[in-house]
Amino acid sequence: MRGLRGKVVVITGAASGIGAALALAAAHKGARLMLADIDAAGLERTLATLRTLGCECHSFITDTGDEAALHTLAAHTLAKLGGADVLINNAGVSMVAPIEGMKTSDAHWLMNINFWGVVHGCQAFLPLLRQQPEAVLVNVSSIFAMVSIPTQGIYNASKAAVRGFSDALREELRGTTVGVLCVHPGGINTNIANRARITDSRMVADSDQEMRDNFTKVARTSPERAAQVIIAAIESGQTRVLIGADAKLMDFLYRLAPTRSSKWLTHFGQWLRRMAPKQRSET
């Protein structure tokens, strides 16, 4: 896609984090926006910022875990903006729970948003995207599609599913005007850890707060930087992009030793855990 000026860009999870940063970055590019999120107050804060730029922006309260809601979002986008050129399936949630003691209802909650939200978003918007001379589907996966750590089993599974789904969809759409970009962020400095559904963090930290603090230590990439990388990847026609030095390192380790990379990452997490008491005593 040669540029976003005048293009209709739809972003889920736009109330905060990467989604809000994407909305701002796309607005600076001259895009027309449809923003979706279940968080009405957060969505309004994003809109208030965008209105100061004078861009055309609309919003729709959407539960991306609900298939019907995404089809309603597509219909609303068509009515308000006449179609769509880019869909960014960004909405996502996190959960901390060992698989052995995990509640099935919690697993379904996460998969409905992280994976089925992507599937249903693509299905709902493909009829609109196919009508454009050039269009892009952007599915946000994670570096955790390649490497895994304890207590993140279902999150890992959801992001690996997004990766596999995106690869297959790209092949199905090969030769059409619709491209597929799969995004693999590393640690992004958002509230995802603070908002995670935590049932048991004892395998990775001595407390829930320590687990969140450790995430903050390794989440070095800002949402704004992540948004810049994604927008550049859309405009340059990339099909896969890694965000952050940590994502690039872990991807390299995965390619180097697929059966050992998760073990190495787990050992790094254990090192952070051992260092936490020492760092607390020094402050």
Item to complete: Kindly indicate whether any position in region 134-143 is in a helix (DSSP H, G or I), charged (D, E, K, R) and within 24 Å of S236 (Cα to Cα).
Response: no
Worksheet item: Which one of these does M250 not meet: (1) surrounded by fewer than 16 Cβ atoms within 10 Å (Cβ to Cβ); (2) within 19 Å of G92 (Cβ to Cβ); (3) not basic (K, R)?
Response: (1)
Discussion item. Against the definition (under 18 Å from A233 (Cβ atoms), modelled with pLDDT of 95 or more and under 21 Å from the mean Cα position of the chain (by Cα)), how does L43 come out, yes or no?
Written reply: no
Discussion item. Can you pull out every residue in region 94-126 that is farther than 22 Å from L73 by Cα, among the hydrophobic types (A, V, I, L, M, F, W, C) and either in contact with a strand residue (DSSP E or B) (Cβ under 6 Å, 6 or more places away or on another chain) or in a helix (DSSP H, G or I) (or both)?
Written reply: M95, V96, I99, A107
Discussion item. Exactly one of these conditions fails for G175: (1) in contact (Cβ under 8 Å) with a residue 60 or more places away in the chain; (2) surrounded by fewer than 21 Cβ atoms within 10 Å (Cβ to Cβ); (3) in a loop (DSSP other than H, G, I, E, B); (4) not charged (D, E, K, R). Give me its number.
Written reply: (1)
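Conditions (1) of a type in the set (F, W, Y); (2) without any contact (Cβ under 8 Å) to a residue 60 or more places away in the chain; (3) in contact with a strand residue (DSSP E or B) (Cβ under 8 Å, 6 or more places away or on another chain); (4) closer than 25 Å to D251 by Cα, marked per residue:
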residue: F60; (1), (2), (3), (4): yes, yes, yes, no
residue: D66; (1), (2), (3), (4): no, yes, no, no
residue: A79; (1), (2), (3), (4): no, yes, no, no
residue: L87; (1), (2), (3), (4): no, no, yes, no
residue: S141; (1), (2), (3), (4): no, yes, yes, yes
residue: M146; (1), (2), (3), (4): no, no, yes, yes
residue: Q152; (1), (2), (3), (4): no, yes, yes, yes
Worksheet item: Is it true that some residue in region 259-282 is basic (K, R), loosely packed, with under 14 Cβ neighbours inside 10 Å and at pLDDT 90 or above?
Response: yes
Item to complete: Might you check whether a residue that is aromatic (F, W, Y), farther than 24 Å from L24 by Cα and out of contact with any helix residue (DSSP H, G or I) (no Cβ under 7 Å at 6 or more places or on another chain) occurs anywhere in region 151-161?
Response: no
Worksheet item: Could you say whether any residue in region 31-38 is out of contact with any helix residue (DSSP H, G or I) (no Cβ under 8 Å at 6 or more places or on another chain), surrounded by fewer than 17 Cβ atoms within 10 Å (Cβ to Cβ) and at pLDDT 95 or above?
Response: no
Worksheet entry | Only listed residue being within 27 Å of D39 (Cα to Cα) and in contact (Cβ under 8 Å) with a residue 40 or more places away in the chain, chosen from T216, T199 | T199
Worksheet item: What are the pairs, 6+ residues apart or on separate chains, where a residue within region 96-108 that is farther than 22 Å from E67 by Cα has its Cβ under 9 Å from a residue that is part of a strand (DSSP E or B) and not small (G, A, S)?
Response: V96/R197; V96/I198; A97/R197; A97/I198; M102/M95
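The values are calculated or read from the model by the stated rules, or taken from the named source; none is laboratory data. The model shown is predicted, which means the values in this text are computed figures rather than measured ones. Positions of Cβ are backbone-derived with ideal geometry, glycine not excepted, and every protein chain shown enters the neighbour counts.
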